[in-house]
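Structure record follows, encoded as structure tokens.
Every number in this text was worked out from the coordinates using simple rules, so none of it is lab data. What you see is a predicted model; the values in this text were computed from it and never measured. As a convention, Cβ positions derive from the backbone with ideal geometry for all residues, glycine included, and neighbour counts pool all protein chains shown.
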Amino acid sequence: MTPMEMADPAWRTIAQPLVVKVLVALGGVGLIALELWWFLGRHGEAASAAAESGMQTVRITVQGGYSPARVRLRAGQPVRLVFHRLDPSACVAKVVVPDLQRSLDLPLDAEVSLDLPPLAPGRYPFHCGMAMVRGELEVVNN
Ligand SMILES: [Cu+2]
């Protein structure tokens, strides 16, 4: 016996077959893709606004996320977003529409409105104060 074989190593490398290495790598890539989809992807169909006396009104419930998180609006017509926050987390106590330089504090268990001017077609993301919880306004021509 050589001294190397007599030593009791604290750890040793166990060779794995190539197929195991490939499967573990693919699993990791899959989890990363799932995470990107979860945080950055689009979920579900966009909800359309109800028209109330020339104002497009959308009620958005804040509970874990925004529901609906995607809102379809018509271009060239003023918009009222009515937020109803049920989520006690301070994370969602504020909503920001960065492209419109607008933000609104959301008191717990109350409805508050964010009025927006008529918008040009495009996508306007909105999110919580830390941009962890996200939604999007989709403004389209009639
Ligand atoms: Cu947040």
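At a glance:
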quantity: Relative contact order %, the chain, counting alpha carbon pairs below 8 Å whose residues are six or more apart; calculated: 21 percent
quantity: Cβ-defined net charge surrounding ALA120, 13 Å radius [Lys, Arg +1; Asp, Glu -1]; calculated: 0
quantity: Summed residue charge, Cβ within 13 Å of ASN142's Cβ, Lys/Arg positive, Asp/Glu negative; calculated: +2
quantity: Cα principal axis extents for the range 47-140, largest first, Å; calculated: 34, 24, 20
quantity: Highest average packing first - 102-111, 8-17, Cβ atoms within 10 Å; calculated: 102-111, 8-17
quantity: Environment charge of VAL92, counting only residues whose C-beta is closer than 15 Å and scoring Lys/Arg +1, Asp/Glu -1; calculated: -1
quantity: The chain: antiparallel DSSP beta bridges as a percent of all, rounded to 5; calculated: 65 percent
quantity: Computed helical MRE - 222 nm, the chain, DSSP H runs ≥ 4 contributing -39500 (n - 2.57), nearest 500; calculated: -6000 deg cm²/dmol
